[in-house]
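Working notes, beginning with the structure itself.
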Amino acid sequence: MRRSSFNDFLTLQISCRGVDWQVSSMEQICNQLSESSIMSSIETLSIQKIQDLFPSTLEDVMDGTPWLELFQPFTTVRTLYISHTMQSHVVSALRGLSGELAMQVLPALEMLHVPGYQGSGSERHDMWPFIIARQRSDHPVVVRSERML
């Protein structure tokens, strides 16, 4: 983990087998950091798979709960970038959120970058409950399909 005052960014990289273990480890670290001022200044969050240290396995299929727990400390994030390799995991977590639950996860979120998102077909239906709930709560989220910068 490193923090640079010049660019004002925080990088957290977890290397272990399985996405579920990585998310769980990140969630524990972020919860510890939430007690400091670091988390309250993060407005942009990027979730990406840096390199494929371990081949994907069936254990990488998990429910969205660990992701929702990971997002809890990020109350000031306005922009979320999701890499193509992590898209299915994050979209799966957000798909189940509707009503007030949609506002409890990433409450300040305004922009969601999902590479290749078409806004139609199955992708649209996966995100639809979350997007509609945010619009109804007067905290809409714009979904963009551009790749990460």
ask   = Among the numbered criteria (1) over 17 Å from M26 (Cβ atoms); (2) modelled with pLDDT of 90 or more, which single criterion is violated by R95?
value = (2)
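Can you tell me which residue is surrounded by the most Cβ atoms within 10 Å (Cβ to Cβ) among those in the range 69-86 that are assigned to a loop (DSSP other than H, G, I, E, B) and out of contact with any strand residue (DSSP E or B) (no Cβ under 7 Å at 6 or more places or on another chain)?
Kept after step one, since they are assigned to a loop (DSSP other than H, G, I, E, B), are these residues of the range 69-86: 72-78, 83.
From the residues that got through so far, the ones that are out of contact with any strand residue (DSSP E or B) (no Cβ under 7 Å at 6 or more places or on another chain) too are 72-73, 75-76.
Values: Q72: 14, P73: 20, T75: 16, T76: 16.
Among them, the one singled out is P73.
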ask   = Can you name the residue in the range 100-128 that is in a helix (DSSP H, G or I) and at pLDDT below 85 and, of all such residues, is least open to solvent (accessible area, probe 1.4 Å)?
value = M127
message = Yes or no: the range 71-88 includes at least one residue that is under 15 Å from the mean Cα position of the chain (by Cα), under 22 Å from V141 (Cβ atoms) and modelled with pLDDT under 70.
response = no
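The values are calculated or read from the model by the stated rules, or taken from the named source; none is laboratory data. Just so it is clear, the model here is predicted, and its values are computed rather than measured. In this analysis, Cβ positions are derived from the backbone assuming ideal geometry, glycine residues included, and neighbour counts consider all displayed protein chains. Quick note on the areas: whole protein, heavy atoms, side chains included, nothing else; ligands and nucleic acids left out. Shrake-Rupley method; radii C 1.70, N 1.55, O 1.52, S 1.80 Å.
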